[in-house]
Amino acid sequence: SPGGQVQILTRSGTNDFHGTFFEYFRNDALDAKDWFVNANRLTKPALRQNDFGFVVGGPVLLPRFGEGGPLAGYNGRNKTFFFVSYEGLRLRQPQTENRVILATRIRQSAPTTLQPVLNALPLPTGAEIGTTGQAPYAASFSNPSTLNATSFRVDHKFGNSATIFGRYDFAPSETITRSLSTLSTLALTTHTLTLGLTHVLSARANNEVRFNFSQVQGQSLSNLDGFNGAVPFEKSLLVPS
């Protein structure tokens, strides 16, 4: 089975100007504490979600500038249309972490050369579990994410039989996730350019041509911070210069 084909059509402008604005809002002030946050008596992590944006479209109207100032320029009604959309996301996702890590006693008795690496871990939040060398660790925090997606489309009609369009999309995003005292950042930037031609050949046949160029650039970075008593070490400890 080769699977299915899915065709998604983006909106285009019309002879009238139309626009819409939207906003989706969440905040930890309106939410109860997570069960694990209560159980471990942790600080309530921040929850923020703002998903907002707008769309606007209509005919392309261009003024004509020259001697004598603006004159009646290009009027795209029934011929040329534009459509612009934007969506922005600002997210802080609350997280809790429950695990066991090396107890303070084991860190202090480790060889001197190894102690900087062990001290880069957060401090335990409870006493050592028996004589296992392990201690409980519980923490609350928020992982932030951002996204900006912008799209611009122009359509032009050649009579009643042919239509061309061009669309450009730009969408940079960044997500930061935490594990113990390590922050991992994933940044992506997407560029998309699409050109298309639709030609009506007859009442029962038409021809469509599409051209698309897409580029995704990504970067992933990890670094240590001083979260919950951790002491970051210099890179030269592992990778001598």
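The values are calculated or read from the model by the stated rules, or taken from the named source; none is laboratory data. Remember, it's a predicted structure, so these values are computed and weren't measured experimentally. Glycine also receives a Cβ, built like all others from the backbone with ideal geometry; neighbour counts cover every protein chain displayed. We work out accessible area using only protein heavy atoms, side chains counted, and drop any ligands, DNA or RNA first. Shrake-Rupley method; radii C 1.70, N 1.55, O 1.52, S 1.80 Å.
Scanning region 163-190 for residues that are open to solvent by 50 Å² or more (accessible area, probe 1.4 Å) and under 21 Å from A230 (Cβ atoms) turns up T177, S179. Condition test on L193, is it open to solvent by 60 Å² or more (accessible area, probe 1.4 Å), of a type outside the set (V, I, T), modelled with pLDDT of 90 or more and closer than 20 Å to H156 by Cα? Answer is yes for this residue.
Kindly indicate whether N160 is without any contact (Cβ under 8 Å) to a residue 60 or more places away in the chain, open to solvent by 50 Å² or more (accessible area, probe 1.4 Å) and within 30 Å of N206 (Cβ to Cβ). So N160 passes the test. When region 28-55 is limited to residues that are among the polar types (S, T, N, Q) and touching a residue at least 40 places away in the same chain (Cβ under 8 Å), the one that is farthest from A127 (Cα to Cα) turns out to be N50.
In region 49-67, how many are out of contact with any Pro (no Cβ under 7 Å at 6 or more places or on another chain), at pLDDT below 90 and outside any loop (DSSP other than H, G, I, E, B)? Adding up the residues that qualify gives 2. Among the residues in region 205-227, are any more than 29 Å from the chain's Cα centre (by Cα), of a type in the set (F, W, Y) and not in a strand (DSSP E or B)? The answer is no; no qualifying residue exists. If you go through region 12-43 and keep only what is surrounded by 14 or more Cβ atoms within 10 Å (Cβ to Cβ) and under 24 Å from the mean Cα position of the chain (by Cα), you end up with R26, D28.
The number of residues in region 114-133 being hydrophobic (A, V, I, L, M, F, W, C) and in contact (Cβ under 8 Å) with a residue 40 or more places away in the chain comes to 4. For region 211-241, the set of residues classified as open to solvent by 70 Å² or more (accessible area, probe 1.4 Å), of a type in the set (S, T, N, Q) and within 19 Å of S179 (Cβ to Cβ) consists of Q219, S220, S222, N223, listed by residue number.
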